[in-house]
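Heads up: the structure comes next, in C-alpha cells.
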There are 4 protein chains.
Amino acid sequence: MLPTTSESPPFTLTRASHVALAVTDLQKSRDFYRDVIGLVVTAETDDVVYLRGLEEAVHHSLVLERANEARVQTVGFRVRRDADIVAAERYFTERGVWHRRLEKPHQGPTLQFRDAVGSHIELTSSMDVVPRKMQKFDEFVGGAPQRLDHFQLVTHDVQSATNFWADLGMRMSEYTAKDGTDELWGTWMEVKGNTHDLVFTNGRGPRLHHFAYAIPDASALIQAADVVGAQGFGSEIDRGPGRHGISNALFLYVRDPDQHRIELFTTHYQFIDLETPPIRWDVSNPRRAQLWGMPASRRWFFEASEFPDEPVREPLLKATPATLEDYLGVH
Amino acid sequence: MLPTTSESPPFTLTRASHVALAVTDLQKSRDFYRDVIGLVVTAETDDVVYLRGLEEAVHHSLVLERANEARVQTVGFRVRRDADIVAAERYFTERGVWHRRLEKPHQGPTLQFRDAVGSHIELTSSMDVVPRKMQKFDEFVGGAPQRLDHFQLVTHDVQSATNFWADLGMRMSEYTAKDGTDELWGTWMEVKGNTHDLVFTNGRGPRLHHFAYAIPDASALIQAADVVGAQGFGSEIDRGPGRHGISNALFLYVRDPDQHRIELFTTHYQFIDLETPPIRWDVSNPRRAQLWGMPASRRWFFEASEFPDEPVREPLLKATPATLEDYLGVH
Amino acid sequence: MLPTTSESPPFTLTRASHVALAVTDLQKSRDFYRDVIGLVVTAETDDVVYLRGLEEAVHHSLVLERANEARVQTVGFRVRRDADIVAAERYFTERGVWHRRLEKPHQGPTLQFRDAVGSHIELTSSMDVVPRKMQKFDEFVGGAPQRLDHFQLVTHDVQSATNFWADLGMRMSEYTAKDGTDELWGTWMEVKGNTHDLVFTNGRGPRLHHFAYAIPDASALIQAADVVGAQGFGSEIDRGPGRHGISNALFLYVRDPDQHRIELFTTHYQFIDLETPPIRWDVSNPRRAQLWGMPASRRWFFEASEFPDEPVREPLLKATPATLEDYLGVH
Amino acid sequence: MLPTTSESPPFTLTRASHVALAVTDLQKSRDFYRDVIGLVVTAETDDVVYLRGLEEAVHHSLVLERANEARVQTVGFRVRRDADIVAAERYFTERGVWHRRLEKPHQGPTLQFRDAVGSHIELTSSMDVVPRKMQKFDEFVGGAPQRLDHFQLVTHDVQSATNFWADLGMRMSEYTAKDGTDELWGTWMEVKGNTHDLVFTNGRGPRLHHFAYAIPDASALIQAADVVGAQGFGSEIDRGPGRHGISNALFLYVRDPDQHRIELFTTHYQFIDLETPPIRWDVSNPRRAQLWGMPASRRWFFEASEFPDEPVREPLLKATPATLEDYLGVH
C-alpha cells in the first residue's frame, strides 16, 4: 500500500545527518575512513573518532566508537530547530514510541528513539560548526566524499517502516512492489529534495545495510576504487561499480575493517515538486537493481550491521526461490 | 546590512523553475539549446518552443518565444501548492506589489509580479508531468544539462532586492561586501537547500545576467565546451572554464544567438542547517571571483538581458576605478 | 622461458590494425557497433560494413562480414612500408609459415598468414585515408572509442606464440608465470611503444578473446556502460568496470550480438626504453588479474571467437583445481 | 616548404626525455613541482632535485638545478641504444654541429649539441630504472602527471629548425603556414607515434616556451587547476583550460616560481601510418589556436625561458599588425 506523506508533520526533519558505528579496532577504522575513503578527521579521543565529508560544515557525520563488538549504534537525522526536538518528544510520547533525551558532545539538543521496526534513530537540531574543506582540493583523498547523504535499512516489515516515516513527512520517490500489487518490497524516501534520505528494503531486520556519502562524479568513483585497491582493500568492494535502475545512482560499496558497509555514489536527481509521482519498479524487473554492472556478491545481499541489543526478525514477505534468484542477480 | 530570512514566509517558495526568453530567430535558438547545449524539446508551436533538462519531470524549464527584440520575458519560481499562489496574491496586494494572475499553457495556477527592484517574476505551483530522461544516456548531447538550477540578476540596489526575497523565505548562503562594512555588493540566496536559487549583483538593472543549468561533472563541462566549439560557437563562451571562489561552482558561460547567457555549472554544496552562517567575501578578495580561470571577458561583466518595457537604472553603489579594475579581473 | 625480441626483425611491424568478424545478422551488428559502442561507419555494402574509431584516419579498423556462423576471420597488423610486405613474404617462405597474398578493398598490399599457434593474421602496409573525427565532439556516441589498440588471443601454447612474435620484433612488457619458474601463462607484447598490441593467454586455442578500442578516460568508460545499459545490453557486459593489475588498464568488456567480445579501456602507459624490464606477475598473485573489480563472469574466462576451419587445441599447461579457482577469481 | 623526413636517419631518436631547469630557489621550485603539479621526487641533493612522472620508470624527466638566474639548461631526447650516441657524435662531427660528450649522473652515455637554431639539446640512451608509481593511486597529487611528453621551442627560423629535425627522423604531424603558401610558422613533429615530441613556433628564439606532461584526462586537468588554485597559484595559469585546434590537446599552462612554463595536457592522437598526411592550418584560421577557450594572456605569447649564454634572435617572419592581433587572439 502506498504511504501518504503527512502534509503537516509533527516536527520538521531536514536530512540524514550522522551515523555512529561501534568498531573493534579504532585506529584501523579511523585509518580506513581517512586514508582509503577520504573523510576528514575533525577530532579524536582515546575512544571516539569524529569524521566528516569534505564540504560539510558540521562537526561530524560519522562517529567511530571503540567497542568489543561491531554494531551500528545509531542512525542520525537533523531537525530544523530546537523546538522540533521538543515537538518530537511530545509526539513520540503520545504515540508510545520509545525515546529519551541524550547529551551528545558537539551536538545540540538530541533525542533518541526506536522507529516502528526497531531501528535506533537519533535526532538533533544543530552541531558545532567547522570549516568546509570543499576548496582544499590539495587535501582531497580517494573519491573525495563530500557529505553524508542517506541510509539504507533492512527491515522485516517495509510497509510499517514506510508508514512510520511518511507520518514524519518523508516522501517516497521510488519503490519496488510485487508485480500487479502494491505489496511494498523496498521504499526510497526523501525529505531534502532529492532521491533519498532513507531507504527500507525487505529482509532480516532491523539492520543497517549501508550509509552513503555523495562523491563528485564518475571519475571520483573510479579514483575511489583505485585508492581502495591501492591500499589493499580491493576485495572489500562487495558491489560495483554499477548503475542502479532505482534512483539512477552510480555506486560503489565497500566494507570497512568491521564489515560495516559504506556506499560512495553520485548522480542524485532533484525531487521537489508535489505533482511528480514516485517511480514504481516491479520486483520482477531486472533493470530495477541495475541498468548495468556485474552481479552483486552474496554478502552484499545478506550481510548488514545490527543495532545493539535489538533482536533481528525474519521478514514478513518471503521470496520464492525463483524471485530470490532474481533478487540476488546470480544467474 | 545582512538580511533576516523570514521564519514564517507568507507562502512557500521551493525552487527556481523556468525562464522565458524572447528570441529573434526561433529555429536558430531552438537548434542552439537542443544541439549545442543539449536540452530536450518537450513541445513546439510556430511561436513557442518548450525545453527541459534531462532529469526534469516538468514540461519546461526554458521557453523560447518568437519576438522582434531579444528580451527576458520572465524568470520563474515554483511554490509548493496552489494555496501558495493565493497566499502570494494576498501578500502582494497587502504590500502594494504589482502582480496579476495568468493562464499559462502546461502550468498550474500562475502569478506574475515585479520584485522590489523591477525584476519580472512568475510563480507557479505545478506543471504538466513528462518522463525524466536521466537514464536515456544514449540521447545525451554535449554537457547533458540535467535541470534548471538558478538565476543571476543584475540590480541597481542589491540591498533592497535581498531584503525583498529574504522576506519571502530565501536564505543567504554567501555574499560580497565592501571591506570593513556590510554594504552588500552581491548576494547568493537559496531556498532548495544548496548554494543558490537566486543571485543579485550590483550594476545596471534589472537585467538577467544568466540562467544556469546543472551538469553532471567536470567531464561534462569539458564535453559541453567541446561541443560548443565543434558547432562553431567557441567564441560565444564569454567566461570559463573556471572555478568561482563564491559558491565553489565550476563554470562555463555561453551566449545564445540573441546573446542571452546560459551558465553550465557543477559542484553545488548542501546548505540546509540553520546554524551555518553565510560565507562572507570582501570585494577586494580576488579569490572571490575565481580560484582559478582566465579573466572574464568585458562583455561578461557588462552585458545582460533586459526585461520588456522595464527601465534600467544606474547602480546605487559606484565602483571606484580601482575596485572596478579588480571587479573586472582584467589586470 | 623469457623470449628474446629480435633486434633486426625481418620486416617492420608498427601496430595492431584491424579485425574482421563474421557475423550472422549484419544490420544488427552494425547497429551495435555504431549506436552502442560508438564506432563510425565508413562504408557499407550488402555484405560488408567497415567501421573505424573516432580519431582514426584509416578506412577501417573493424570489418563486419555477413556469414552463417560467427567467426573471427582475421586479426590485422600494419607494417611500415610496401617493402615490408615483400620482406614478410620472403621470411614466411623461408620459415615454412603458411601465407598468401590477398587483394583487399581499401587496403594496400596485404598478406595473410598463420602464426605458430594457428592464429589467422593479416598484414597490410596502408589503407585508404579518411578524415579523423576526433574534433567532431558533437558526433561522439557512448564511450567515444578513439582507435583500435590491441588483441588478446587464447592459445594452447603461450611459449611458442610468444617466441614467434618476438622474432618479428614484438617486445614483452608484462607477463604471468608459474610461481618460481619462467613457465609463461600469459604474455603482453608491444610494438608501438605502449603496453600491448598483442596478448597471449593460456587456454583452448587459437581463439580471439577480445579486440580492444582505446577510449578517452574513466568518464567515457562509465558513459559507455550507461549507453550499453540504456540500449538494453547491460547483461552483455561480462567483465568490468575494473582495473587490471597487469597493464594498469581500466576495462569494460562487452559481448556483441554474435558474442564476439570488445574491450573498451583506458590508461596505457608508455613502454619505449630498452633498459626497462618487463613486469612479472606470479600466477598466484590475485592483484595480477585486477587491483579491484567484481569477479569476472565464467563466460569471460571460457568463451572466445574461433577462426574459420581452424581446430581448437587443448592447452599444454593445465591449471590444477586450486589455481583454476584462483584463475577464475570466483571465491 | 614542407620538410622531408629522413627514411634512414643517422641515429634512432625515440622520444622526448627530460628537461633541466636552472631555478633561483630550489626548495620553492621542488615544492611547486611536487605539491602543486604532482611530480614524484626521485632524489635530491643540496643543488639538484630530480623528478619524474607517476608512470615513468626512468630516474628523472625534470631536473631542477640551483642557480642565480632562471634558465633552461637543456632539453633532452632519448635514443634507442648506446650505439646511437656514437652515431650521433659522428653525424654531428661530419655536419659541423657543435657537440660534446657529458657524464651525467643517473644517465647512460650522454651527448650535448646545439641544433640548427641554437637550442641546447641533450641525447641519452638510458637512465637508472626506478619503480613506476602508476598504480600508487593513493599517492597521486593534483593532475597526476604521468610522463614527460613533448617540448615547444620558440625559434627565429621555423623552416631551418624543422629541416634539421626532419633529417634526424622526426615527422611533421601538423603545421601552420601563411595562407596560400608553404611558409612555415609552426611545426608539430613527432617520433614516438603520436602528435608531437617537439614543436617549433615563430618568434624570438631560441627559447623554451614550455615542456609538457601528459595527464590522464579532462577530470585530472580540472583537478590540476583546482589544486593550483588551492595552493595559491591560480594567477600563474597563463592559458587554459582550452582545446587547441592543432593537435586536439586539452591544455592548461602554468608558470613555476621562476616563470618557466609547464603544460598539463591530454588527448593525443596516434600518428604512425606513413600514408597519413600532416594536417595543415592556415595562419588566418582562428580555430587553429583553439576550438574554444578564453584568449591566452599576453605573457603566454611573449614570455619563454632562455638557454644560458645563447643569444636570442629576432624572428625571420614578421607578423603584420593585423595578423599579430589574430595571432594573439586578443580581440
- [ ] Please tell me if residue B:173 is without any contact (Cβ under 8 Å) to a residue 60 or more places away in the chain, touching an Asp or Glu at 6+ places or on another chain (Cβ under 6 Å), within 12 Å of chain A (Cβ to nearest Cβ) and within 28 Å of residue A:14 (Cβ to Cβ).
- [x] no
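For segment C:104-163, list the strands (runs of 3 or more DSSP E) that sit wholly inside it and hold at least 1 residues that are more than 10 Å from every other protein chain (Cβ to nearest Cβ) and within 30 Å of residue D:250 (Cβ to Cβ); which are they?
Working: elements: C:110-114, C:120-124, C:147-155.
Result: C:147-155.
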TODO: Check residue C:174 against each of (1) in contact with a Gly (Cβ under 9 Å, 6 or more places away or on another chain); (2) surrounded by fewer than 19 Cβ atoms within 10 Å (Cβ to Cβ); (3) acidic (Asp, Glu) and name the one condition it does not meet.
DONE: (2)
TODO: State yes or no: is residue C:309 surrounded by fewer than 22 Cβ atoms within 10 Å (Cβ to Cβ), at pLDDT below 95 and under 26 Å from residue C:160 (Cβ atoms)?
DONE: no
Task: Considering residues of segment B:70-103 that are among the polar types (S, T, N, Q) and closer than 29 Å to residue B:260 by Cα only, the residue nearest to the other protein chains (Cβ to nearest Cβ) - done: B:74
Task: Odd one out for residue A:86, checked against (1) in a loop (DSSP other than H, G, I, E, B); (2) in the same structural domain as residue A:48 (by TED's automatic domain parsing) - done: (1)
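Condition check ((1) in contact with a strand residue (DSSP E or B) (Cβ under 6 Å, 6 or more places away or on another chain); (2) not charged (D, E, K, R)) across all residues:
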{"position": "D:51", "(1), (2)": "yes, yes"}
{"position": "D:56", "(1), (2)": "yes, no"}
{"position": "D:62", "(1), (2)": "yes, yes"}
{"position": "D:66", "(1), (2)": "no, no"}
{"position": "D:69", "(1), (2)": "no, no"}
{"position": "D:79", "(1), (2)": "yes, yes"}
{"position": "D:97", "(1), (2)": "yes, yes"}
{"position": "D:100", "(1), (2)": "yes, no"}
Open item on the list: Against the definition (over 24 Å from residue D:237 (Cβ atoms) and of a type outside the set (A, V, I, L, M)), how does residue B:217 come out, yes or no?
Closed with: no
TODO: With respect to residue A:241, determine if the residue is under 30 Å from residue C:245 (Cβ atoms) and in contact with a Leu (Cβ under 9 Å, 6 or more places away or on another chain).
DONE: yes
Open item on the list: Need pairs with beta-carbon distance below 9 Å; first residue free of Cβ contacts under 8 Å to residues at least 60 places away in the same chain and within segment D:1-12, second assigned to a loop (DSSP other than H, G, I, E, B) and surrounded by 11 or more Cβ atoms within 10 Å (Cβ to Cβ); sequence gap 6+ or separate chains.
Closed with: D:7/C:81; D:7/D:169; D:8/D:169
Open item on the list: Looking only at segment A:280-310, filter to residues that are within 19 Å of the chain's Cα centre (by Cα) and away from every other protein chain (no Cβ under 14 Å); which one of those is farthest from residue A:156 (Cα to Cα)?
Closed with: A:308
Task: Subset of segment D:135-177 (residues that are touching a His at 6+ places or on another chain (Cβ under 7 Å) and under 30 Å from residue A:141 (Cβ atoms)) - done: D:148
Task: Filter pass, residue B:7 being surrounded by fewer than 18 Cβ atoms within 10 Å (Cβ to Cβ), assigned to a loop (DSSP other than H, G, I, E, B) and among the acidic types (Asp, Glu) - done: yes
Task: Those residues of segment C:227-255 which are in contact (Cβ under 8 Å) with a residue 60 or more places away in the chain and crowded, with 22+ Cβ neighbours inside 10 Å, in sequence order - done: C:227, C:228, C:239, C:246, C:247, C:252, C:254
Task: Residues (of a type in the set (D, E, K, R) and surrounded by fewer than 24 Cβ atoms within 10 Å (Cβ to Cβ)) located in segment D:35-70 - done: D:35, D:44, D:46, D:47, D:55, D:65, D:66, D:69
Open item on the list: Give me the residue from segment A:86-124 that is in contact with a Gly (Cβ under 8 Å, 6 or more places away or on another chain) and of a type in the set (A, V, I, L, M, F, W, C) and, out of that set, nearest to residue A:314 (Cα to Cα).
Closed with: A:117
TODO: Working only within segment B:200-210, note down all residues that are of a type in the set (Gly, Ala, Ser) and assigned to a loop (DSSP other than H, G, I, E, B).
DONE: B:203
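Tell me whether segment C:200-218 contains one or more residues that are of a type in the set (Asp, Glu), in contact with an Asp or Glu (Cβ under 6 Å, 6 or more places away or on another chain) and either over 30 Å from residue D:267 (Cα atoms) or assigned by TED's automatic domain parsing to the domain that holds residue C:41 (or both).
There is no residue in segment C:200-218 that is of a type in the set (Asp, Glu), in contact with an Asp or Glu (Cβ under 6 Å, 6 or more places away or on another chain) and either over 30 Å from residue D:267 (Cα atoms) or assigned by TED's automatic domain parsing to the domain that holds residue C:41 (or both).
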TODO: Return the pairs, sorted by first residue and then second, in which the second residue is among the hydrophobic types (A, V, I, L, M, F, W, C), the first residue lies in segment B:298-317 and is part of a helix (DSSP H, G or I), the beta carbons are less than 8 Å apart, and the residues are 6+ apart or on different chains.
DONE: B:298/B:328; B:298/B:330; B:301/B:328
- [ ] Would you tally the residues in segment B:245-259 being at pLDDT below 95 and touching a helix residue (DSSP H, G or I) at 6+ places or on another chain (Cβ under 9 Å)?
- [x] 2
- [ ] Answer yes or no: is there a residue in segment C:125-133 that is under 30 Å from residue C:222 (Cα atoms) and surrounded by 20 or more Cβ atoms within 10 Å (Cβ to Cβ).
- [x] yes
TODO: From the list D:113, D:92, D:137, pick out the single residue that is under 18 Å from the mean Cα position of the chain (by Cα) and crowded, with 17+ Cβ neighbours inside 10 Å.
DONE: D:113
Open item on the list: Tell me yes or no: at least one residue of segment B:275-295 is modelled with pLDDT of 90 or more and of a type in the set (Ser, Thr, Tyr).
Closed with: yes
Open item on the list: Looking at the structure I just gave you, is residue C:124 farther than 30 Å from residue C:226 by Cα and in contact with a Leu (Cβ under 8 Å, 6 or more places away or on another chain)?
Closed with: yes
Task: Residue count for segment D:10-57, restricted to those that are under 23 Å from residue D:152 (Cβ atoms) and in a helix (DSSP H, G or I) - done: 5
Task: So residue A:208, is it touching a helix residue (DSSP H, G or I) at 6+ places or on another chain (Cβ under 6 Å) and surrounded by 22 or more Cβ atoms within 10 Å (Cβ to Cβ) - done: no
Open item on the list: Given the criterion surrounded by fewer than 20 Cβ atoms within 10 Å (Cβ to Cβ) and touching a Gly at 6+ places or on another chain (Cβ under 6 Å), identify the matching residue among C:277, C:295.
Closed with: C:295
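The values are calculated or read from the model by the stated rules, or taken from the named source; none is laboratory data. For clarity, every value in this text was computed on a predicted model and none was experimentally measured. Neighbour counts are summed over all protein chains in view; Cβ atoms, including those assigned to glycine, are modelled from backbone coordinates with ideal geometry.
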